[in-house]
Amino acid sequence: MQNSVGLCLLLLSGILMSAAMGASKKIILDTDPGTDDAMAMMLALHSPELDLRAITVVAGNVTTAQGLDNAMRMVSLANRCDIPVAAGAVHPLLQRLITAEFWHGKNGLANIELPPSKCKPSERFAPDLIIQMVHASPQAITLVPVGPLTNIALAVLKDPSIVPLVKEVVLMGGSISGGNVNAAAEANIYNDPEAAQIVLQAGWPLTMVGLDVGDKTLLSKKYLAQLGQTHGPVNDFIYRVAKYLIDLSAQFNSPGTPMYDPLAVGVAIDSGLVKAPEMHVDIETRGEFTRGETVANRHGYVERNVLHGDRYVIEGLDRVIPNAKVCVDVEAERFLQLFVSRLRGR
Ligand SMILES: [Ca+2]
């Protein structure tokens with residue numbers, strides 16, 4: 001009798017576990033690793049709501065070769081050699097690559113030398129891996145790009161039939177209140193505006209997690225201290241990355257480091273963390289001062305100008321169709337607590 005009760009409990013827990021696993025969201029993290037990319041990746045790897053199916057590497061914060069090396073060392077540190085890691089584009093579609101060792105350290109990982117990876121990279125080209133995985137799991141894959149959008153654009157250009165098969169896109173990039181590269185543009189979009197425009201206009205459900213909310217989500221010394229109380233290979237690595245970034249932010253009089261990429265993963269975990277009204281967003285690709293700006297229509301319409309003789313006359317308003325949910329506010333404390341709680345002791 002006891003045995004059969006035990007067996008039933010075992011079966012039940014198995015069913016519950018598989019139900020929980022089935023409920024987790026399949027994501028592909030497209031990344032230019034990158035310090036905040038490192039934090040994003042480790043958050044994704046340690047969140048049961050997410051099932052990280054692949055990591056695809058794009059040129060951005062560092063070269064693709066360096067980014068691949070960084071990603072490989074990180075999946076190895078987390079003991080996740082089962083996750084395919086594929087290298088992708090080595091430069092933006094139409095412009096030279098701009099790397100950001102200035103912010104991320106010489107190796108892109110805060111100058112922290114992780115042990116060599118015991119995992120092997122995928123031999124697939126990242127956009128091809130994305131195409132293959134989307135077809136293999138239709139309507140089930142969420143793309144989480146946290147670097148320039150080159151890989152995602154290449155996948156769409158090569159196989160537009162993936163667009164209706166992708167569940168959604170949650171990207172880190174853009175801003176509707178000024179940039180960080182310059183007055184107008186945010187770095188991920190600035191680093192490949194043509195790719196960004198392809199991704200924004202593709203026609204899939206898309207959430208833009210931009211500077212507007214990243215700048216409100218500052219990891220401060222308070223959270224660093226919490227991470228410092230516990231230990232584990234990932235915990236200790238992220239502690240060092242966070243400390244590097246917090247010290248860097250202090251040089252610019254900021255009380256903490258903005259959690260840009262991790263917040264995109266956070267929104268993939270729980271969309272309730274942000275307020276994200278629908279807007280139509282275009283990417284400026286030509287402006288003298290504004291190339292790479294995310295131009296968002298907050299009102300949902302444009303004026304209709306009709307030529308009458310030698311002038312145009314406004315005859316009415318035309319509705320524009322929203323193509324993105326644009327994050328404008330965030331429950332920062334709740335997100336930061338989530339982040340720290342997921343990595344403590346890992
Ligand atoms: Ca990034």
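The chain: percent of C-alpha pairs farther apart than 32 Å?
The answer is 30 percent, as a whole percent.
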| message | Run lengths n ≥ 4 of DSSP H only: what is the helix-derived mean residue ellipticity at 222 nm for the chain, with -39500 (n - 2.57) per run over all residues, to the nearest 500? | response | -11500 deg cm²/dmol
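Can you give the translational diffusion coefficient of the range 105-248 in µm²/s, computed by Stokes-Einstein from the Kirkwood radius over Cα pairs at 20 °C and 1.002 mPa s?
Translational D for this selection: 122 µm²/s.
Going by accessible area, probe 1.4 Å, with all protein chains left in place, what is the ranking of Leu68, Leu317, largest first? Intermediate values should be presented prior to the final figure.
On the way: Leu68 35, Leu317 95 Å².
Listed by decreasing accessible area, they come as Leu317, Leu68.
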| note | Between the Cα axis of helix 233-251 and the main Cα principal axis of the chain, the angle (0 to 90°, nearest 10) is 40
| said: Suppose the chain between Asp82 and Arg286 were pulled fully straight at 0.36 nm per residue; how much longer would it get relative to their current alpha carbon spacing? | reply: 69.2 nm
| query | How much accessible surface does Arg124 have with a 1.4 Å probe, in Å² rounded to 10? | reply | 100
| task | Skip the ligands, DNA and RNA, and give the accessible area per residue of the chain with a 1.4 Å probe, whole Å². | result | 46
| Where does helix 260-269 land angle-wise versus the long Cα axis of the chain, in degrees 0 to 90, nearest 10? | 70
| query | Where both partners of a DSSP beta bridge lie in the chain, what percent of those bridges are antiparallel, to the nearest 5? | reply | 45
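What is the magnitude of the charge dipole of the chain about its Cα centre, with +1 placed on the Cβ of each Lys and Arg, -1 on the Cβ of each Asp and Glu, and no other charges, expressed in debye to the nearest 20?
Values: 29 positive and 35 negative charges, 196 e Å.
About 940 debye.
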| request: Give me the angle, in degrees from 0 to 90, between the Cα long axis of helix 2-23 and the longest principal axis of the Cα atoms of the chain, rounded to the nearest 10. | output: 20
| message | Under 5 Å between amide hydrogens, which residues at least 5 positions from Thr31 or on another chain qualify, with H placed 1.01 Å from N in the peptide plane? | response | Thr56, Val57, Val58, Val146
| note | Taking alpha-carbon centroids only, the range 93-160 lies from the range 331-346 a number of Å equal to 25
| message | Run the numbers for Glu303 and Gln139: contour at 0.36 nm per residue of separation, minus the present Cα-Cα distance, in nm. | response | 55.4 nm
| request: Rounded to whole Hz and in sequence order, give me ³J(HN,Hα) for the range 31-39 from the Karplus expression 6.51 cos²θ - 1.76 cosθ + 1.60, θ = phi - 60°, writing x for Gly and Pro. | output: 9, 10, x, x, 5, 6, 4, 4, 5
| task | Please calculate the 1.4 Å probe accessible area of Phe252, with all protein chains present, and give it to the nearest 10 Å². | result | 120
| With every protein chain present, what accessible area does Lys167 have (1.4 Å probe, heavy atoms only), rounded to the nearest 10 Å²? | 90
| Residue among Tyr190, Tyr244, Tyr312 with the largest mean-square fluctuation in a Gaussian network model of the chain, springs linking Cα atoms under 10 Å | Tyr312
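Once you order the gyration tensor axes a ≥ b ≥ c over the Cα atoms, which shape class does the range 58-148 get: rounded for a/c under 1.5, otherwise prolate or oblate by comparing a/b with b/c?
Here the range 58-148 falls in the oblate category.
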| Quick one: with all protein chains in place, what share of the accessible area of the chain is carbon or sulfur, to the nearest percent (1.4 Å probe)? | 56
| field | Relative contact order [Cα under 8 Å, 6+ residues apart], the range 127-279, whole percent | value | 22
| Using a 1.4 angstrom probe with every protein chain in place, what is the largest-first accessible-area order of His91, His135, His231? | His231, His91, His135
| note | Within the chain, excluding any GluC sites (Glu not before Pro) found in a DSSP loop (not H, G, I, E or B) and having at most 11 other Cβ atoms within 10 Å, the longest uninterrupted segment runs 124-287
| Max mean-square fluctuation residue, GNM over the chain, Cα-Cα springs under 10 Å, options Gln132, Gln66, Gln251 | Gln251
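The values are calculated or read from the model by the stated rules, or taken from the named source; none is laboratory data. Because the structure is a prediction, the values reported are computed rather than measured. Glycine also receives a Cβ, built like all others from the backbone with ideal geometry; neighbour counts cover every protein chain displayed. Note: areas computed on protein heavy atoms with side chains; ligands, DNA, RNA excluded. Shrake-Rupley method; radii C 1.70, N 1.55, O 1.52, S 1.80 Å.
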